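The values are calculated or read from the model by the stated rules, or taken from the named source; none is laboratory data. Since we're looking at a predicted model, the values are computed, not measured. With ideal geometry, Cβ positions are generated from the backbone for all residues, glycine too; neighbour counts draw on all protein chains shown. Each accessible area value is taken on the protein alone, full model and side chains, heavy atoms only, with ligands, DNA and RNA left out. Shrake-Rupley method; radii C 1.70, N 1.55, O 1.52, S 1.80 Å.
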Amino acid sequence: MCEVSAQNFPALFPEIKGRLGAARFVALDLEFSALNPRPEHLPSIFDSPDVRYAKLRLGLEGVVPLQVGLTAFTFDSALNSYSAHSFSFHVQPAAFQGVNRCFLLQTSSLAFLKLHNFDFNKFAYGGVPFINRRQEQGLRELMGQDQLSELSASNAQEIAEIVSREGARVAAWLKRAQPGQELALADVPPDEEVRFFVQRALRARFAPLWTCVHNGELRVQCVTADEFAALDAAQPLEEALLEGLLGFARVLRLLAELRVPLVGHNLLQDLLLVVACFEQPLPESYSAFKRVVQALFPQVFDTRLISHKVRMAQPEAQRWNDRCLQTMFEFFQQGAARGGNAPSVVLAGAQDSPAQFHNAAWDSYCTGYAFIQLAHMNISGRYPKAKQFVSSELLAGLRPFENRINLIRCSVPCMNLAGADPDSTRPPHLVIEARKNSPLNVRQRLFVGAPAGDRAAEPLRLRGGAQAAPAPHGTDRLRQPRAKRILRELRHHPQYRIGPYVAWKHSPLVRPLLLGALTVSGALLLWQLLHVASPPGAPPVPA
């Protein structure tokens, strides 16, 4: 596993580019600064996909990734083996004029990350910066208008002191420097804003002095005027600044350019943060969001959804616990679970990469590992046991799962990024109402004996505080056992009345519309009857 920081990112970027370019697919995982921080936007089992997206879009405002894990998987058909190269990026929003943003850090997320030994020092001191395209465009406009000033910098006083101190050093060095010689300014802190204004000041004061950042260190070089012009044409100072501020966003743009399949586990919130933080603000429209993701990543797979479907196709005794990534990964690590000719997976640097779940890089590796085993299990039963599959065959077998993202406790099982979402597979709703016009609170008493994960209730805002809830899973019709038992047990309840949900009767939207339509229709019918009842030439009957 390769640890990538702000200091070594420029040097490692060529290797990252090469690994991603050679990959058959790339697995992704993020660790968040907060998870569902706004109670008013919490997901509900009643959500349709567009409602779920709207809630997540608002709920994730201010949330940023603290760590991103990427694992590139290459395939050797001769060995029937995948090689995995994992990269761990601690990332943080860039700080510069015009992009000085706030973000949320939720205490429960903080506690969770501490529990799993998250290194906050790597985030704070070595986080690779990032900005999205809108922030980049805003900076380009400021540059074009020559509005970047060290006087407006957040560390203006410190920048002035550094320029004065380092300027004196450079002046003394230039008296004896020869063309081509370099001087390292190791005391200049590794901050993009500080380095930019220090370089700009030194270039203006000591022209034609060349400045650059090399191996995480600011350096100056004695050059001729022609050499300076050539170097500046190759990479202007402003472009070097933008490249540094883009940081990890360059990796995501590279992934988008490569069009390599992207794999994640319960991937929806990861995708939202990838778009919002590294690409553009999340669009209000659900369909627009899907188009943005498809334009970036035309092939996306979610191992949580794949695992559920493939698992249910296995004999019950051979099914695994797919509640979380760790249990699924540990199951597939067992040789018997993988099956005869399943490809092997070798993690580069495994001896230096101890298992650490909820480390983004390790989780991305586990996600890709499980993806390979699921792909093999999905198609191996249709062919002789001795057959070995190449990577393209494994991916082709998962075509029905392509661009389908798992939705946790939603009205539909998944989101289809490439088209219409599937129909709901949820059981029918039951409606609980108070028999007397009194407050209704049945969340803890509703489904006696039903598993906790099968219960949910939502107010309908009708008189008496009616609440709707889906019948427990395993019930497709009201006559099936669980829903039937609920109806029977609460039929004569002294406080509650229960029955099937009927849109015209219970919907707070349909009911007023229907009543309004009936009123208008009745008035028209009455007018028609009165008009017909009046004989020709008779005075009009007053309405």
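Here are a few things to note about the model shown:
- Within the range 291-309, the set of residues being surrounded by fewer than 22 Cβ atoms within 10 Å (Cβ to Cβ) and within 16 Å of Ala370 (Cβ to Cβ) comprises Leu305, His308, Lys309.
- Taken together, the criteria place Ser88 among residues that are more than 13 Å from Asp270 (Cα to Cα) and touching a Gly at 6+ places or on another chain (Cβ under 8 Å).
- Here the range 109-144 is the region considered, the condition is being among the small types (Gly, Ala, Ser) and farther than 20 Å from Asn8 by Cβ, and the residue that is modelled with the lowest pLDDT is Gly144.
- For Ala84: the one exception among (1) closer than 25 Å to Val292 by Cβ; (2) touching a Ser or Thr at 6+ places or on another chain (Cβ under 6 Å); (3) not basic (Lys, Arg): (1)
Per-residue answers, yes or no, for (1) assigned to a loop (DSSP other than H, G, I, E, B); (2) under 15 Å from Glu31 (Cα atoms); (3) open to solvent by 10 Å² or more (accessible area, probe 1.4 Å):
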site	(1), (2), (3)
Tyr82	no, no, no
Gln97	yes, no, yes
Ser109	no, yes, yes
Arg140	no, no, yes
Met143	no, no, yes
Gln157	no, no, yes
Ala160	no, no, yes
Ala171	no, no, yes
Ala177	yes, no, yes
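- Residue within the range 257-267 that is modelled with pLDDT of 95 or more and assigned to a helix (DSSP H, G or I) present: yes
- Residues that are open to solvent by 10 Å² or more (accessible area, probe 1.4 Å), touching a Phe, Trp or Tyr at 6+ places or on another chain (Cβ under 7 Å) and among the polar types (S, T, N, Q) within the range 354-377 comprise just one, Gln356.
- Those residues of the range 249-286 which are more than 15 Å from the chain's Cα centre (by Cα) and over 26 Å from Leu395 (Cα atoms), in sequence order: Arg250, Glu284, Ser285
- Residue check for Leu209: in contact (Cβ under 8 Å) with a residue 60 or more places away in the chain, over 18 Å from Glu193 (Cβ atoms) and touching a Lys or Arg at 6+ places or on another chain (Cβ under 7 Å): no
- Condition check for Ala201: among the small types (Gly, Ala, Ser), touching a residue at least 12 places away in the same chain (Cβ under 8 Å) and either closer than 23 Å to Ala11 by Cβ or surrounded by 16 or more Cβ atoms within 10 Å (Cβ to Cβ) (or both): yes
- Restricting attention to the range 58-74, the residues that are crowded, with 20+ Cβ neighbours inside 10 Å and either outside any strand (DSSP E or B) or not small (Gly, Ala, Ser) (or both) add up to 11.
- Of the residues making up the range 13-41, those that are out of contact with any Lys or Arg (no Cβ under 7 Å at 6 or more places or on another chain) and free of Cβ contacts under 8 Å to residues at least 60 places away in the same chain are Pro14, Glu15, Gly18, Ala22, Asn36, Arg38, Pro39, Glu40.
- Exactly one residue out of Ala6, Ala54, Ala78 is more than 16 Å from the chain's Cα centre (by Cα) and in contact (Cβ under 8 Å) with a residue 40 or more places away in the chain: that is Ala6.
- Every pair of residues 6+ apart whose Cβ atoms lie under 6 Å, when the first sits in the range 91-117 and is closer than 20 Å to Pro129 by Cα while the second is at pLDDT below 90 and open to solvent by 60 Å² or more (accessible area, probe 1.4 Å): Pro93/Arg101; Gln97/Ser152
- Each residue in the range 40-80 was checked for being under 26 Å from Val26 (Cβ atoms) and of a type in the set (Gly, Ala, Ser), and 4 pass.
- Residue check, Arg382 without any contact (Cβ under 8 Å) to a residue 12 or more places away in the chain and in contact with a Lys or Arg (Cβ under 6 Å, 6 or more places away or on another chain): no
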